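Right, one structure below, let's go through it.
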Amino acid sequence: MPPLQLTNVLHTSLPDLSVQGRAILSALGCVNGRPSSITELATWLGFHDRYQLARALRREGLPPLETLSGWTRTLYWIIESQSTGVTLRELARRESLDPAVAYRLVRRVTGRRWSDVCEEGLNGALLGFRDRCRRTAGVKHATHARLGVDRVSRPLPAPSALPTDSANGKTPCRARLRGALGERLPVSGAPFDVVITSTNVALVTRHHAAAVDLLELSPPRVARTIHVGAVPSRVVPSARGDWAYVTSQFAEAVDVVHLESGERTAEIHIDGHPLGAVLSSDGQTLYIATNHDRLIALSLPRRVVVGYIAIPQGSLQLCRHPSGRRMYVSGWRTGTIVEIEVPTLRQLRTFEVGGAVQEITCSPDGQMLYAANEAGWLNVIHLPSGRLSATLQFGTAAMGLTVSADQADIVVGLLFAGEVLIIERERLVVRARVQTGGRPRLIAAHPKGPVLVANESGWVDFIK
């Protein structure tokens, strides 16, 4: 997942912005300069309201949002026109926009006609964009932005051993999934990831609210909202369940959260947008995939990157082998899964499965690797031999994936069908279909049986 060309040229044009300023440009780049509303964009970036966003733009020395959006949209049109040969009239109609409005927008932000802008090309337009931003009063060079400055109120966690299944060390009773939809908990802000900690609470990232919600499970309720960086994607709890690490994409940082107090205690800045993440078995290293197509090893006690390896494509999906000595990285649209030895960061094998690989997970015995595929299937790889042992077709995009607590089933979310499948792991047959509606994203299995499904449409489902 390399940076979008539009986002890349925006960042390159204004290299002295702070992380917050870069996050604003990233958000505008994602929507091609056409946010659905200023209020929604402000919420997405973690601002309280549109006025706080406007103040942030002034601090960064950026023009007002209307002007900045207009420039972003114009640059997008130039890139599309140069790369595909389409006219501005065609681009406008593609967006259900009156072509006359598009021509006037270009003239308003650049001061030039579209034909002149096309003749000068992207580089000429970028010079005009930089000049417009430099004319804005109050330019501030945030020299600390790329130095990994932390706001620390508590020490980072020490390595911890894996906890037992319960306080008395006994294995909890794990009920077989019935495939029935239980409680539904409203959670706004496009829920994306969900995990369950060893302290029996759930954590949900809210993609468009710059927040992580802490959920109590019995009865289900939002106990606390923790504000983090823009576009939080994956959340990784520590083994003891007292800390969590959040990859905040547009903030270009890993947020360290103390769960008991509900505070973000540190921001560890990295190069690029952090995507998927997984914690080492000793709890000292966080492995993170970035949009620069790298897997980096972040030392949590030292708060520095201690190693990296190139991967086929940055991805939100990583998983660790039960042995703790290997990890698997989804290559997303490259249709590959890479096996990497840790902590040496040495590539061992590459599995070619095609399609667009989404969530991946290992069976608890470490024998099988399961991969949901956006092209519409589930792959099963026999890890000792490296052979693709089975493929189960769905006919629609699969994304979320987990193994049930009793290890008898695989649970797969169908993103566009609004459905979650319960699949018998031994025979690979669908034994239950749960209609959730919306867009089910990632899935977590509770140790005592139920699974939680984060739904981008605004809720978390409990499936029993």
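We did not get these values from a lab; they are worked out from the coordinates using the rules stated. The structure displayed is predicted, hence computed values, not measured ones. Glycine gets a Cβ as well: all are built from the backbone with ideal geometry, and neighbour counts include every protein chain shown.
For the stretch 184-230, how big is the tail of P(r) above 14 Å, as a whole percent of Cα pairs? Cα-Cα pairs in the stretch 184-230 separated by more than 14 Å: 43 percent. Treating r as the C-beta distance of Asp365 and Glu260 and R0 as 25 Å, the FRET efficiency rounds to 0.15.
Give me the distance in nm between label points sitting 7 Å out from Cα along the Cα-to-Cβ direction at Ser389 and Glu95, one decimal. Output for this residue pair reads 5.0 nm. Calculated on C-alpha atoms, the gyration radius of the chain divided by its Kirkwood radius gives an Rg/Rh of 0.99.
Taking each residue as 0.36 nm, the span from Lys448 to Arg325 lengthens on full extension beyond its C-alpha to C-alpha distance by 41.6 nm.
Packing here is the average count of other Cβ atoms within 10 Å per residue, and on that basis the peptides 291-297, 317-323, 249-255, highest first, run 249-255, 291-297, 317-323. Against the chain, whose longest principal axis comes from its Cα atoms, helix 65-84 is set at around 80 degrees.
Treating the angle as unsigned and between 0 and 90°, give the value, to the nearest 10°, between the Cα long axis of helix 114-134 and the longest Cα principal axis of the chain. Helix 114-134 sits at roughly 80 degrees to that axis.
Separation of the stretch 340-375 and the stretch 197-225 by C-alpha centroid, Å? Taking the Cα centre of the stretch 197-225 as reference, the centre of the stretch 340-375 is 28 Å away. Taking packing as the residue-averaged number of other Cβ atoms within 10 angstrom, the listed peptides 301-308, 185-192, 356-363 run from highest to lowest as 356-363, 185-192, 301-308. On the basis of the beta-carbon distance and an R0 of 41 Å, Ser457 and Arg112 show a calculated FRET efficiency of 0.45.
In order along the stretch 8-23, the phi-based Karplus estimate (6.51 cos²θ - 1.76 cosθ + 1.60, θ = phi - 60°) of 3J(HN,Hα) comes to 5, 6, 5, 5, 5, 5, 10, x, 8, 5, 6, 4, 5, x, 5, 5 Hz; Gly and Pro are listed as x. Label separation (Val429 vs Ala310): 4.7 nm, computed from points 7 Å beyond Cα along the C-beta direction.
Extension gain for Ala408 to Ser36 (0.36 nm times residue separation, less C-alpha to C-alpha distance): 129.6 nm.
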